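Shown next, in C-alpha cells, is the structure this report addresses.
Each value in this text was obtained by applying a stated rule to the coordinates, not by laboratory testing. In this text the structure is predicted, and so the values were computed from the model without any measurement. Note that we place each Cβ from the backbone using ideal geometry, even for glycine, and neighbour counts take in every protein chain shown.
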Amino acid sequence: MVLSFGAAWPASIVRSVRSKTAKGKSLLFLVIIDFGYLCGIGSKFATGNITYVVIFYIINFCMVATDIVLYFINTRRDKARAALEAQGEGQASV
C-alpha cells in the first residue's frame, strides 16, 4: 500500500504544478492522508519496530506535504485569476 501511494503522489504533484489551479483538489483529503502517515511513523517509533518501511512513510509524508503547499499556492492563483476576471468584466460593462 505504501509503495502504491508512493507512486501516485509524484503524479499528483506534477498535476498541481502543471495545472496551476487547486480545482479538483481536496485539502481535507490531503491533510487526512498526511495525518495517517504521521500516525504510521509514530506507531513505528512507539512500538520500536523501526524498519526500512519508515523511510517510505517519511517520503510519502513529504510528497503529500508538498502537494498541500502547492494547494495553497494554486488557491492564491485561483483567487488572483478570479479577481482579474471580475475586474475585466466590470470594465467591459462600463
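Values as computed for the structure displayed
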read-out	value
Any hit, the stretch 38-47, residues being under 23 Å from Arg77 (Cβ atoms), surrounded by 14 or more Cβ atoms within 10 Å (Cβ to Cβ) and among the hydrophobic types (A, V, I, L, M, F, W, C)	no
Residue match in the stretch 5-19 (condition: surrounded by 15 or more Cβ atoms within 10 Å (Cβ to Cβ), of a type outside the set (Val, Ile, Thr) and either more than 11 Å from the chain's Cα centre (by Cα) or not in a helix (DSSP H, G or I) (or both))	yes
Residue that is farthest from Phe61 (Cα to Cα) [pool: residues in the stretch 1-37 that are β-branched (Val, Ile, Thr) and touching a helix residue (DSSP H, G or I) at 6+ places or on another chain (Cβ under 6 Å)]	Thr21
Residue check, Ile32 over 12 Å from the mean Cα position of the chain (by Cα) and surrounded by 10 or more Cβ atoms within 10 Å (Cβ to Cβ)	no
